[in-house]
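Peer 1: Sharing a structure with you now.
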Amino acid sequence: MMFSTKAEYGVRVMAHLARRNLKGPAEAAPISLAAIAEAEGLPLAYLEHLVAR
């Protein structure tokens, strides 16, 4: 099944947040979009556009 780039990146951001939350309250603290982009190897400008919607 093919997914759009928007769908793939959106799922990857949500999965990153979910993985952090599983590690406990200390890891569930706020995180910048730039940190997620770096950790997931995704372009920050594209994520900013995606999350702003």
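The values are calculated or read from the model by the stated rules, or taken from the named source; none is laboratory data. A quick note: this is a predicted structure, and the numbers were derived from the prediction, not measured. As a convention, Cβ positions derive from the backbone with ideal geometry for all residues, glycine included, and neighbour counts pool all protein chains shown.
Peer 1: Please list, ordered by first then second residue, the pairs with beta carbon atoms under 6 Å, 6 or more apart or interchain, first in the range 40-53 and modelled with pLDDT of 95 or more, second part of a helix (DSSP H, G or I) and among the charged types (D, E, K, R).
Peer 2: These pairs meet every condition: Glu40/Arg12.
Peer 1: Tally up the residues in the range 15-36 that are surrounded by 11 or more Cβ atoms within 10 Å (Cβ to Cβ), among the hydrophobic types (A, V, I, L, M, F, W, C) and under 13 Å from the mean Cα position of the chain (by Cα), please.
Peer 2: Of the residues in the range 15-36, 7 are surrounded by 11 or more Cβ atoms within 10 Å (Cβ to Cβ), among the hydrophobic types (A, V, I, L, M, F, W, C) and under 13 Å from the mean Cα position of the chain (by Cα).
Peer 1: Give the range 1-47 a look and list any residue that's charged (D, E, K, R) and out of contact with any helix residue (DSSP H, G or I) (no Cβ under 7 Å at 6 or more places or on another chain), or say none.
Peer 2: Glu8, Arg19, Arg20, Lys23, Glu38, listed by residue number.
Peer 1: Go through the chain and tell me which helices (runs of 4 or more DSSP H), entirely inside it, have 2 or more residues that are polar (S, T, N, Q).
Peer 2: Those helices (runs of 4 or more DSSP H) span 5-22.
Peer 1: Give the residues of the range 1-39 that are touching a residue at least 24 places away in the same chain (Cβ under 8 Å) and aliphatic (A, V, I, L, M), sorted by residue number.
Peer 2: Correct list: Val13 only.
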